[in-house]
Amino acid sequence: MAHLYISAAHRSSGKTTVAIGLCRAFRDRGLRVQPFKKGPDFIDPLWLGAAAGRSCYNLDFHTMGRDEISAAFALESAGTDLGLIEGNVGLYDSTDLAGSNSNAALAKHLGAPVVLVIDCQGMARGIAPLLLGYRAFDRDLALAGVVLNKVGSERHAGNLIRAVEHYTDIQVLGVLPRDESLTIAERHLGLMPSNEAAQAEAWIERIHRRVADVLDLNRLLELAEAASAPAPIAAAPPVPSGTRVRIGIARDCAFGFYYPDDLRALAAGGAELVAFSPVDDPELPAVDGLLLGGGFPEFRMAELEANRGMRAHVADFIARGGPVYAECGGLMYLCRGLRWGDERRAMVGALNAEAQMQSKPQGRGYVSLRETDAFPWPGPLPTGRRVQAHEFHHSLVVAPDPHWNYAYEVLRGVGIDGRCDGIVQGNLLASYAHLRDVGGLNWTGRFLGHVRRCLGA
C-alpha cells in the first residue's frame, strides 16, 4: 500500500498542519486515506481522523512490539489507498541513544518515505547544511523531500529553494507561507481536540485549501506509491464474544480521549458502548459499567457542576457498587471538587479529594507501573505485572485520602503522588495513567471480566 511519513526537525514545525491538509486533499481526490500517529497522543489523531474521514490509529514503540506495529499498520491499512503517518517530536529525537524508538526508526520499519517539514522562520542559506546533516545522519532512511513551512515572502522562498537545489538533491515538495489563520488554537495539552472545537471543520477546510494550493500532491502520491516495504500480513480483526454487557462511555466536549482500537476491542469482547454526556445529559443511561476517559473537564467545570442530576447519578452508581474505570479527566470529575486558580466547582464527590489545576504539567510522558495486590480486575497473570502506559496531566490530587488502596506502584512517572497510581475504591478504578489494549495488556478484556463478575455473570 502507498504510504508516507510526515516528520520534522523539531516539534511545533507544522507537521500536524501539513498532515491534516494532506489527509483532506487526498480524500477530496477520492482516495481512501488511512491516518496514523506515532506515540500515545489523543489530540492529533482526532484532527487527522476528522480530515481523513476515518479513525486515526496510534503506533507506539513504548506499548507495542515491532511485529504488533506491523500487523496493526497492515490491518488498518487494508482496503485503503494511502497510509499517512504523522510523527511526533523531531525525526531523530529519541530517549534511546541509538534511536531505536525514533520517528526515523518507525519510518524505516514501515518502509515509509519521509517528508520533512521545516520551520523556516529566520532561516536562509542555513537550510542546506541542516538538510545535508539529516540526510547524512542515517543513509538508510528514505528522505523523500522537504516542505518549507512558515516562509515569510516570495523572496524568502526563492532564497530557500535556491539553497536547497544548489547544495542538496532533496526535493522541495511545497512552500507554505507563514499564516496565523492556519494555527489551530493551542492549549496546555497541545492542540485543541477536534471533538470540542465548534469550528473544527472550518479549520480543516482552511488548512486543506492552503496545503492543496502549494504542495505538489501528484509528486507526493508518486513518492507514496514507491514505498519500499510490502505491507505485512495483517491479523484478522477480533470477533465479538462473551456475555453482552452495556458500558456507558462519557463522550462530549469535556471527555473524548479514547483509542479507536480499544473501543473496537471492547465491542469484540461483548460490550455495547452507550455514549452519554456528563455535560448535557440529565441522567445516566441504563448500563452495567462506566468508562470515563480523559479530556478537558476543567474547561467545562461550570457546566459539569451545573448538571447536578448527572453528578448524583454517577455518585449513586459508584456507591451501589457499579464497576467504573476512569482515566485522568475522568478521575478529576469523580473528585469532590475541581479547582483552577481562584475558581472551585463541585464534581461528583465519589473520591475524597480535590483536583487542582497547575500551570505546568504534573505528569508528562511514558510511565511504567507494577500492579499491586489491590488491582481489582481479574487476569491470568500473578500480582506484580508490569504495565506500560502514558500520562499527561496538569492537575494534581490535593491531600489524597490516606485510606485509599492503589492498583499500581509507579516505577516511572508521577501518577497520584509519585509512588502510586490507580485509586481502588469498591468496584472503581481511577488512574492518571492512560492504558492501551496492546502489548498483551488486554485491559479491555479484564475490565469486562470485572463488570461481569460484579453482575454475577
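The numbers here are math on the coordinates, done by the rules we state, and not lab data. Remember, predicted model here, so these are calculated numbers, not experimental data. A quick note on method: Cβ atoms are made from the backbone with ideal geometry, for glycine too, and the neighbour counts reach across all protein chains shown.
Brief remarks follow.
- Proportion of all alpha-carbon pairs of the range 385-450 beyond 13 Å (%): 66
- Distance histogram for the range 37-168 (every C-alpha pair counted, 10 angstrom bins, percent rounded to whole numbers): 11, 36, 32, 18, 2
- Most positive-pole-ward Cα, P193, N101, H10, against dipole of the range 2-225 from beta carbon charges: H10
- Neighbour net charge for F276 - beta-carbon separation under 14 angstrom, K R +1, D E -1: -3
- Between E201 and R453, the modelled label-to-label distance comes to 4.5 nm, taking each label 7 Å out from Cα in the direction of the beta carbon.
- Dipole check for the range 1-134: with +1 at the C-beta of Lys and Arg, -1 at the C-beta of Asp and Glu, and the Cα centre as origin, the magnitude is about 380 Debye.
- Efficiency of FRET between R370 and H403 - r from beta-carbon atoms, R0 30 angstrom, step 0.05: 0.90
- The range 245-455: relative contact order in percent, alpha carbon pairs under 8 Å with at least 6 residues between: 20
- Overall Cα dimensions of the range 2-225 - principal axes, largest extent first, Å: 43, 42, 35
- With the charge dipole of the chain set up from +1 on Lys and Arg Cβ and -1 on Asp and Glu Cβ about the Cα centre, the Cα lying farthest toward the positive end among the listed residues G309, L428, N442 is that of N442.
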